[in-house]
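**Student:** The structure's right below; bear with me while I get my questions together.
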Amino acid sequence: MSRAKSKAPATLARPSIATLAIHGGREAHRPGDPVVEPLVQSVNHVQALGTEEGLKYTRYGNTPNAERVQRRLALLEGAEAALVLSSGMGATACALLALLRPGDHLLSSMYIYGGTHRLFLEEFASMGIEVTLVDPFEPRSFRKRVKKETRAIFVESPVNPTCRVIDLRPISYLTKEEGLALVVDSTFASPVNFRPIEIGADVVIHSATKYLNGHHDVLAGAVMGSQSYIDEVLQKEMLWGQTPDPFALWLLERGLKTLDVRVQRANESAMRIATWAEGRKEVEKVHYPGLESHEDHKVASEILDGFGGMLSLELTGGGKAAERFLRKLRLVTHAPSLGGVDTLVCEPRYTSHAKMTSAERALIGIPDGTLRLSVGLEDADDLIADLEQALK
Ligand SMILES: *Cc1c(COP(=O)(O)O)cnc(C)c1O
């Protein structure tokens, strides 16, 4: 599963992801320049006389730390333009407010982040924007629900926490045919494993809090798309006040430099852990798209460049077994969030899916006893040793 499968060989004119993550969008170096781009922690910048041109202000997303990391993110996703916002939720809200007006209709996958779910069903509903939730794994499910007012389709893939992979190809065919925007929350994959624009998405959203920054120390979000669309998102960002501080942007730029090695390592370790877990009697089921036993292994092999660092384990003994297991862990940390250097574990019944009943969760493949793992950068043997002693 190498990138070479989906892309022409990298050249200096078309650098690969690893190179873009370090150099993409920066100015050519001159003697005396710092190798690390400086943090410009200034809200306002000196203005030229007699013109409104070149007015720089942090909330306008046009200060030096913002512009550089935005150019870089656009290159990583293969988009014309990108905008960094102050959280993943800020990114999702502004990305969709730039597309939808009262009276419009949004079709969304039913498997979406909890905050996104509430944004759609509570906030958007109160603004007169109708949202229909659809099962993305039921054939033709989106097509059957398109109506005259539909403006966009929203999906998140891979899906939390079962790591199901949605085949975007038929959906992008539908959005092109119907003139809709296809919006993809690609947080779980990162541009190392998947670039949705290459297979027909119009807009990509990330919680940059996760893989893009990757160090559990910055809250940020990103939106990528065409330049004219990003200009619209910028208007929302400015007016709803969703712009990050230069220091968060500087840290994001620093985190991005190691994106490729971090994600490759997480891919490898997650595959090893998933394979190990599949052979354990204490584990009822392992959800990892890299395993042949996963329902979407074929789609994942076709559209992803890597199977990712996220997996979930269903313990044989249910909720009680999960509690015993978590209490014994020494290296793996019990905490929410994902995509960083530390390996984290959480129970969806107390985090992302806490609002559902035990029976409702079981119906969508998350029975009590399910643990979600975000595999970090520790040695995979050490991680397996920790998981193994906690299972016993
Ligand atoms: C975390 C997350 C979000 C929200 O991002 P924040 O940075 O916490 O606002 C949105 N979508 C997905 C898939 C996430 O994992």
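Nothing in this text is a laboratory measurement; each read-out follows from the coordinates by a stated rule. Note that the coordinates shown come from a computational prediction; the quantities given were computed from them, not determined experimentally. With ideal geometry, Cβ positions are generated from the backbone for all residues, glycine too; neighbour counts draw on all protein chains shown.
**Student:** For the chain, place one equal point scatterer on every Cα, skip the solvent, and apply the Debye formula. What is log10 of I(q)/I(0) at q = 0.06, 0.09, 0.13 Å⁻¹?
**Tutor:** Rounded to two decimals, the profile gives -0.23, -0.53, -1.10.
**Student:** Please enumerate, by chain and number, the aspartates and glutamates with C-alpha under 18 Å from the C-alpha of LYS320, excluding those fewer than 8 residues away in the same chain.
**Tutor:** List returned: GLU282, GLU284, GLU347, ASP368, GLU388.
**Student:** Modelling each spin label as a point 7 Å along the Cα-to-Cβ direction, I'd like the VAL35/ARG324 distance in nm, to one decimal.
**Tutor:** 5.2
**Student:** Now for a different question. PHE194's amide H: which non-local residues (gap 5+, or another chain) put their own amide H closer than 5 Å, with H modeled 1.01 Å from N in plane and none for Pro or chain starts?
**Tutor:** Residues meeting the criterion, in which the H sits 1.01 Å from N, are ASP305.
**Student:** Can I ask one more? Taking the Cα centroid of the stretch 171-206 and of the stretch 92-140, what is the distance between the two, rounded to the nearest whole Å?
**Tutor:** 15
**Student:** When the expected Rg is taken as 2.2 N^0.38 Å, what fraction or multiple of it is the alpha-carbon Rg of the stretch 153-279?
**Tutor:** 1.17
**Student:** Top mean-square fluctuation among LEU75, LEU55, LEU313, Gaussian network model of the chain, C-alpha springs under 10 Å?
**Tutor:** Taking springs between Cα atoms under 10 Å, the residue moving most is LEU55.
**Student:** Identify the trypsin sites (Lys or Arg not before Pro) of the stretch 96-149 meeting these criteria: DSSP loop state and at most 11 other C-beta atoms within 10 Å of the C-beta.
**Tutor:** Listed in order of number, the matching sites are ARG140, LYS147, LYS148.
**Student:** Here are some pairs, LYS257/LYS355; LYS176/LYS236; LYS56/LYS210; LYS328/LYS355; which of them have Cα atoms lying more than 30 Å apart in this structure?
**Tutor:** Distance filter (> 30 Å) returns LYS257/LYS355.
**Student:** Could you give the length gained on full extension between HIS334 and GLU27, defined as 0.36 nm per residue of separation minus the Cα-Cα distance, in nm?
**Tutor:** Answer, rounded to one decimal: 106.4 nm.
**Student:** List residues of the stretch 294-333, by number, whose backbone nitrogen lies under 16 Å from a label position 7 Å along Cα→C-beta of MET356.
**Tutor:** Output list for this probe position: 312-315, 319.
**Student:** Separate question: So if the hydrodynamic radius of the stretch 85-182 is defined as the Kirkwood radius over C-alpha pairs, what does Stokes-Einstein give as its diffusion coefficient at 4 °C and 1.567 mPa s, in µm² per second?
**Tutor:** The Stokes-Einstein estimate is 95 µm²/s.
**Student:** Also, I was wondering about something else. Starting from the Cα of THR316, step 7 Å along the direction of its Cβ; do the same at ASP379; then give the gap between the two resulting points in nm.
**Tutor:** That separation, rounded to one decimal, is 2.9 nm.
**Student:** Between the stretch 34-63 and the stretch 212-243, how many Å separate their Cα centres?
**Tutor:** 17
**Student:** What are the DSSP H helices in the chain that stretch 18 Å or more along their long axis, judged by alpha-carbon atoms, and whose average Kyte-Doolittle hydropathy comes to at least 1.0?
**Tutor:** none
**Student:** Moving to a separate point now. Report for the chain the percent antiparallel among DSSP-assigned beta bridges with both residues inside it, nearest 5.
**Tutor:** Approximately 55 percent, going by the DSSP bridge assignments.
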